[in-house]
Amino acid sequence: MLEIRNLHVQIEDKKILNGLTLTVNDGEVAAIMGPNGSGKSTLSYVIAGKEDYEVLDGEILLDGQNLLEMEPDQRAAAGVFLAFQYPLEIPGVATMTFLKAAMNAQRKQRGEDELATPDFMKRVRAAADKLQIGQDMLKRALNVGFSGGEKKRMEILQMALLEPRFCILDETDSGLDIDALKIAADGVNALRGGERSFLVITHYQRLLNYIVPDSVHVMAAGKVVRSGGKELALELEANGYADYRSQAA
């Protein structure tokens, strides 16, 4: 379970999060929606441990452990995974080399043995087939020359291989056509389960037609201002964020 308590965050003396409180239970898919500038992506970065963000107050607890006391690699080993809105291209780093290094680094942090190459290859191929990721993609440098949909599928592949405890999807639907969105959503839905939770950040209902949330939370002015069930996303789609922008003002 992830529990965020009274989180206040700033960057370069600009306050972004203002007492945000949120709980995501085991097995829950929680959606975060809200107008631009409400702090949604900042929240994802702070959970994952991105530099430059100054936490002024509050706690982020994953299974009782305070993530704010951990380095980013320790958070990853504890089970935090962030899928970026715009995955980076990394020229010169082979996709398979990256995947193996990431998996073994986490296993080392947890005191587990490294994966033997045959076992690693078997896991990658099985997960890649489910996401319609061809061998040609796996042979290229990480994300280099990939389409938007291919980059997002590659991140879902990483998530499937690393088997995180808590997954953050930061506007995964950004730049995806409907076919790519369905493939990515199918990959996410295949990972849903009682021991894994998701925080899905999005502007639009469209994504939530495919990754159906258990709860929806509206952010404005750096905090959660309303929570509800999946029907809240439909209400936001119909009415927009005007009421919440006025609250922020």
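Report the residue count in the stretch 112-132 for those that are assigned to a loop (DSSP other than H, G, I, E, B) and either on the phi < 0 side of the Ramachandran plot or among the hydroxyl-bearing types (S, T, Y) (or both). Selection size over the stretch 112-132: 6. Report whether or not Q132 is of a type outside the set (S, T, Y), closer than 30 Å to N239 by Cα and either in contact with a helix residue (DSSP H, G or I) (Cβ under 8 Å, 6 or more places away or on another chain) or surrounded by 20 or more Cβ atoms within 10 Å (Cβ to Cβ) (or both). When the stated conditions are applied, Q132 does not pass them. Can you find a residue in the stretch 44-54 that is more than 12 Å from the chain's Cα centre (by Cα), crowded, with 19+ Cβ neighbours inside 10 Å, modelled with pLDDT of 95 or more and of a type in the set (G, A, S)? Checking the stretch 44-54: at least one residue is more than 12 Å from the chain's Cα centre (by Cα), crowded, with 19+ Cβ neighbours inside 10 Å, modelled with pLDDT of 95 or more and of a type in the set (G, A, S).
Within the stretch 133-141, does at least one residue satisfy the condition of being touching a Ser or Thr at 6+ places or on another chain (Cβ under 8 Å), more than 27 Å from A30 (Cα to Cα), small (G, A, S) and outside any helix (DSSP H, G or I)?
Within the stretch 133-141 (the criterion being touching a Ser or Thr at 6+ places or on another chain (Cβ under 8 Å), more than 27 Å from A30 (Cα to Cα), small (G, A, S) and outside any helix (DSSP H, G or I)), the answer is yes, since at least one residue qualifies.
Quick grid of which residues meet (1) free of Cβ contacts under 8 Å to residues at least 40 places away in the same chain; (2) on the phi < 0 side of the Ramachandran plot:
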position: G58; (1), (2): no, no
position: L67; (1), (2): yes, yes
position: P87; (1), (2): no, yes
position: K100; (1), (2): yes, yes
position: N104; (1), (2): yes, yes
position: R107; (1), (2): yes, yes
position: D136; (1), (2): yes, yes
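Looking across the stretch 69-84, the residues that are more than 17 Å from the chain's Cα centre (by Cα) and loosely packed, with under 15 Cβ neighbours inside 10 Å come down to E69, E71. Residues in the stretch 213-242 that are at pLDDT 95 or above, among the aliphatic types (A, V, I, L, M) and part of a loop (DSSP other than H, G, I, E, B): 0 in all. None of L82, L17, L61, L7 is more than 28 Å from K151 (Cβ to Cβ), of a type in the set (A, V, I, L, M), at pLDDT 95 or above and in contact with a Ser or Thr (Cβ under 9 Å, 6 or more places away or on another chain) except L7. Against the condition under 17 Å from the mean Cα position of the chain (by Cα) and either surrounded by fewer than 19 Cβ atoms within 10 Å (Cβ to Cβ) or over 30 Å from F120 (Cβ atoms) (or both), how does I156 come out, does it pass? No, not satisfied.
Within the stretch 189-203, the set of residues being of a type outside the set (D, E, K, R), outside any helix (DSSP H, G or I) and either without any contact (Cβ under 8 Å) to a residue 40 or more places away in the chain or surrounded by 19 or more Cβ atoms within 10 Å (Cβ to Cβ) (or both) comprises L191, S197, F198, L199, V200, I201, T202.
Do we find a residue being at positive phi and not basic (K, R) anywhere in the stretch 138-151?
yes
Across the stretch 24-39, the qualifying residues are those that are under 17 Å from E59 (Cα atoms) and surrounded by 15 or more Cβ atoms within 10 Å (Cβ to Cβ), and the one among them that is modelled with the lowest pLDDT is G39.
The values are calculated or read from the model by the stated rules, or taken from the named source; none is laboratory data. As the structure is a prediction and not an experimental result, all values here were calculated from the model. With ideal geometry, Cβ positions are generated from the backbone for all residues, glycine too; neighbour counts draw on all protein chains shown.
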